[in-house]
1. Among Lys160, Lys219, Lys193, which is open to solvent by 40 Å² or more (accessible area, probe 1.4 Å) and within 20 Å of Val93 (Cα to Cα)?
2. Looking at the structure I just gave you, is Val25 at pLDDT 90 or above and either in a helix (DSSP H, G or I) or out of contact with any Gly (no Cβ under 8 Å at 6 or more places or on another chain) (or both)?
3. Within the range 232-249, is there a residue that is closer than 24 Å to Leu51 by Cα and assigned to a helix (DSSP H, G or I)?
4. Lys143 versus (1) touching a residue at least 60 places away in the same chain (Cβ under 8 Å); (2) closer than 23 Å to Gln116 by Cα; (3) open to solvent by 70 Å² or more (accessible area, probe 1.4 Å); (4) basic (Lys, Arg): which is the lone unmet condition?
5. Quick check on the range 70-117: of everything there that is among the hydroxyl-bearing types (Ser, Thr, Tyr), open to solvent by less than 20 Å² (accessible area, probe 1.4 Å) and more than 17 Å from Tyr268 (Cα to Cα), which residue is nearest to the chain's Cα centre (by Cα)?
6. Look at the range 127-153 and say how many of its residues are more than 17 Å from the chain's Cα centre (by Cα) and either over 30 Å from Tyr272 (Cβ atoms) or not polar (S, T, N, Q) (or both).
7. For the range 171-190, enumerate the residues that are under 26 Å from Asn58 (Cα atoms) and either open to solvent by less than 40 Å² (accessible area, probe 1.4 Å) or of a type in the set (A, V, I, L, M) (or both).
8. Conditions first: (1) touching a strand residue (DSSP E or B) at 6+ places or on another chain (Cβ under 7 Å); (2) assigned to a helix (DSSP H, G or I). Glu181 passes all but one, so which condition is the exception?
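The values are calculated or read from the model by the stated rules, or taken from the named source; none is laboratory data. These figures come from a predicted structure and were not determined experimentally. Heads up, the Cβs are rebuilt from the backbone with ideal geometry, glycines too, and the neighbour counts pull from every protein chain shown. The accessibility values were calculated without ligands, DNA or RNA, using every heavy atom of the protein model including side chains. Shrake-Rupley method; radii C 1.70, N 1.55, O 1.52, S 1.80 Å.
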Amino acid sequence: MNKQLNMRLLRYLIPVVAIVSIFFVTRKKQTADTRIAHARDYAEIAAEGMLRVATEYNAISFFIQGDTCSGFHYELIQAFAHSKGLKTSITPVMSIEERLNGLAEGVYDLIATNIQVTNELKDSLLLTTPIVRNKQVLVQRKKQSDKDSTFIDNQLQLAKYTVHVVKGSPSMMRIQNLSEEIGDTIFIKEIEKYGPEQLISMVAHGDIDYAVCEESIAKIMADSLPQIDIQTPISFTQFYAWAVSKQSPALLDSLNTWLDGFQKSKEYRQLYRKYYK
């Protein structure tokens, strides 16, 4: 990534940095104090009375509005913790790699944000009952004229173009598969430390041309960035879940049992509509 693009990225990070910095000192101390070099299971969590959760700061998972914490995954994990008599320590972590490392090292017990259910992730993580369905979409600027050759309205047209994704995102595998399907190269640029909202903002302001992210986040961003187009799907609708360590089967069972019941409730339907409708 060139120096100019690095400088431009700073303006998109200001909202995220302002929020994450609030948690930084606490998180740093928590990491030092609670790192136990292994993942905890439910009995150990219950004994302490604290569930440690990593999430992502975005318009769906977790955000701060005024002096109130909000977000679909934030409210959902709070409901689970309340039902079990647990307190929560929730840390927004923008890097997918940092979330996974923190889970493996026992810094976090749970990753509560949209995690695409794939066979690859099933090999290294325990994934909960699917929580939502979503799909990956191409984010680009709207067509300027009938002669606009940069506008993509079909996946086949992505050959030889570069798309930007969050580093470590499962969407990389889908783009690689799509490249094989169309028999041509789609170049992938991974962006480290930044979330999908920052990539969408970069597209909107002309710093990059194409990004791939979840449709749910793209829809929310499109409300305030009318210059972007999100109508070209990159994947089919897929299941998304939470993740715990392979060393936490009892925690997985507890989460799944609770989710299976809660997802049938009126409270869950209201929560889902609040953020996804």
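1. Working: Lys160 fails: within 20 Å of Val93 (Cα to Cα); Lys219 fails: within 20 Å of Val93 (Cα to Cα).
One residue alone meets the criteria, Lys193.
2. So Val25 does not fit the description; no.
3. The answer is yes, given that some residue of the range 232-249 is closer than 24 Å to Leu51 by Cα and assigned to a helix (DSSP H, G or I).
4. (2)
5. Ser95
6. 13
7. Residues satisfying the conditions are Ser171, Met172, Met173, Ile175, Ile188.
8. Going through (1) touching a strand residue (DSSP E or B) at 6+ places or on another chain (Cβ under 7 Å); (2) assigned to a helix (DSSP H, G or I) one by one, Glu181 breaks only (1).
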